[in-house]
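The values are calculated or read from the model by the stated rules, or taken from the named source; none is laboratory data. Owing to the predicted nature of the structure, the values given are computational and were not obtained by experimental measurement. Counting neighbours? That spans all protein chains shown, and the Cβs are built from the backbone with ideal geometry, glycine included. Accessible surface areas use protein heavy atoms only, side chains included; no ligands, DNA or RNA. Shrake-Rupley method; radii C 1.70, N 1.55, O 1.52, S 1.80 Å.
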Amino acid sequence: IKELVNQETGEVYSHTQASQVFALYYDLLPDDRQVKSKVLDVLLDEIYRQHRGHLSTGIFTTKMMFNYLSDIGRDDVVYDMVSKKDFPGYGYMLDNGATTLWENWSFKTGDSKNHPMFGSVSEWFHKSVLGIQQTSESVGFKQIVIKPAVVGALTSAEGHYESIRGKIGSKWWKFGDDLHLEVEIPANTTALVHLPLNLKQKPSIHEQATLLMENGETIQDASPTIQPIGKRGDYQVFEVGSGRYSFVVR
């Protein structure tokens with residue numbers, strides 16, 4: 001595929017959303033940061049300028065789009081596409097009476113109206129909006145990651161995943177300028193809980209009555225069961241064991 005990449009413009013093959021994200025998702029590009037950045041710029045241009053914030057992908061590359069953008073911290077772009085209510089998109093299906101996913105973005109006579117096509121949006125809800133993931137070394141959610149994406153106009157999210165090790169729960173909501181996050185971690189597992197910091201300049205973090213961070217600085221040995229790991233991007237990370245936790249970022 002490297003021969004199909006214009007390294008000057010960042011265009012891949014026909015430079016559709018599908019061709020751009022396919023190359024990015026599978027890392028098929030030259031090992032050059034500038035080239036990859038240009039390919040991403042073309043993808044974003046295809047999304048926003050050419051398609052007014054809509055998806056133009058099919059069954060396979062829709063999943064690639066959600067996963068890739070989420071992995072690079074651009075859940076805001078995914079939110080923009082998922083929340084569109086005009087054609088083509090999930091909102092268009094809902095506004096036209098859909099209670100299950102259609103086979104195509106448009107309502108076509110003869111096509112299935114109860115189909116797994118485009119169902120990867122459910123994975124994004126769990127993996128990104130709720131933030132329920134696992135580390136790359138983990139098997140069967142032995143090492144859990146909770147990393148919610150607080151994006152767009154969303155003010156709350158709640159859900160869980162029934163893993164082989166038990167229920168993994170995530171619930172977050174905004175209350176004024178505060179962000180609340182409740183998590184449930186099953187027995188015999190550990191979790192890396194990511195708390196968004198980009199909502200505050202010098203945030204403080206509590207877990208119930210325990211102060212874990214004050215004015216942007218973590219407090220060492222604040223809790224015997226909650227260990228500060230450090231800042232990763234826009235998140236403060238804590239390691240916890242099994243149990244239920246209630247965090248507040250204020």
- Test set (1) touching a strand residue (DSSP E or B) at 6+ places or on another chain (Cβ under 6 Å); (2) without any contact (Cβ under 8 Å) to a residue 60 or more places away in the chain - Ser106 fails condition number: (1)
- Of Ala157, Ala187, which residue is at pLDDT 95 or above and in contact with a helix residue (DSSP H, G or I) (Cβ under 6 Å, 6 or more places away or on another chain)? Ala157
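In region 184-219, what count of residues is obtained for those that are charged (D, E, K, R) and crowded, with 18+ Cβ neighbours inside 10 Å? Give the derivation first.
Of the residues in region 184-219, the ones charged (D, E, K, R) are 184, 200, 202, 207, 214, 217.
If we keep only those that are crowded, with 18+ Cβ neighbours inside 10 Å as well, we get 207.
The total comes to 1.
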- Task: Name every residue in region 144-156 that is in contact with a strand residue (DSSP E or B) (Cβ under 7 Å, 6 or more places away or on another chain) and either surrounded by 18 or more Cβ atoms within 10 Å (Cβ to Cβ) or in contact (Cβ under 8 Å) with a residue 40 or more places away in the chain (or both), in order of residue number.
- Result: Ile144, Val145, Ile146, Lys147, Pro148, Val150
- Which condition number in (1) buried (at least 21 other Cβ atoms within 10 Å of the Cβ); (2) among the small types (Gly, Ala, Ser); (3) closer than 20 Å to Glu123 by Cα is the one that Gly58 fails? (1)
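Taking region 84-104, which residues are of a type in the set (Gly, Ala, Ser) and surrounded by 12 or more Cβ atoms within 10 Å (Cβ to Cβ)?
Correct list: Gly89, Gly91, Ala98.
Just checking, how many residues over region 226-250 are in a loop (DSSP other than H, G, I, E, B) and open to solvent by 80 Å² or more (accessible area, probe 1.4 Å)? Can you show your working first?
Applying the first criterion (in a loop (DSSP other than H, G, I, E, B)) to region 226-250 yields 233-234, 241-242, 250.
Narrowing the set further to residues that are open to solvent by 80 Å² or more (accessible area, probe 1.4 Å) leaves 234, 250.
Going through region 226-250 one residue at a time, the tally reaches 2.
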- Note on the structure: Residue hits (region 1-14; open to solvent by 20 Å² or more (accessible area, probe 1.4 Å), modelled with pLDDT under 95 and either closer than 24 Å to Ser70 by Cβ or aliphatic (A, V, I, L, M) (or both)) are Ile1, Leu4, Tyr13
- Query: Restricting to region 20-35, what's the tally of residues that are open to solvent by 20 Å² or more (accessible area, probe 1.4 Å) and either closer than 18 Å to Leu69 by Cβ or free of Cβ contacts under 8 Å to residues at least 12 places away in the same chain (or both)?
  - Reply: 8
- Expected output for region 77-92 (first residue of a type in the set (S, T, N, Q), partner open to solvent by 30 Å² or more (accessible area, probe 1.4 Å), Cβ below 7 Å, 6+ apart or cross-chain) is Ser83/Gly152
- Message: Condition first: under 27 Å from Asn198 (Cα atoms), among the acidic types (Asp, Glu) and free of Cβ contacts under 8 Å to residues at least 40 places away in the same chain. Can you find one or more residues in region 43-50 that meet it?
- Response: yes
- Message: Any residue that is in contact with a Gly (Cβ under 6 Å, 6 or more places away or on another chain), over 28 Å from Met117 (Cα atoms) and modelled with pLDDT of 95 or more - is there at least one of those in region 41-56?
- Response: no
- Query: Does region 191-221 hold any residues that are more than 29 Å from Arg74 (Cα to Cα) and modelled with pLDDT of 95 or more, and which are they?
  - Reply: Gln208, Ala209, Thr210, Leu211, Ile219
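I'm trying to understand the selection: among the residues of region 166-217, which are outside any strand (DSSP E or B) and either within 21 Å of the chain's Cα centre (by Cα) or of a type in the set (Ser, Thr, Tyr) (or both)? Before you say what the answer is, go through the steps one by one.
Taking region 166-217 first, the residues outside any strand (DSSP E or B) are 176-177, 186-189, 197-204, 208-209, 215-216.
Correct list: Thr189, Leu197, Asn198, Leu199, Lys200, Ser204.
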- Task: Please give the number of the condition Ala222 fails out of (1) small (Gly, Ala, Ser); (2) buried (at least 16 other Cβ atoms within 10 Å of the Cβ); (3) in a loop (DSSP other than H, G, I, E, B); (4) within 20 Å of the chain's Cα centre (by Cα).
- Result: (4)
- Task: Could you tell me which numbered condition Asp177 fails, if it satisfies all but one of (1) modelled with pLDDT of 95 or more; (2) acidic (Asp, Glu); (3) open to solvent by 60 Å² or more (accessible area, probe 1.4 Å)?
- Result: (1)
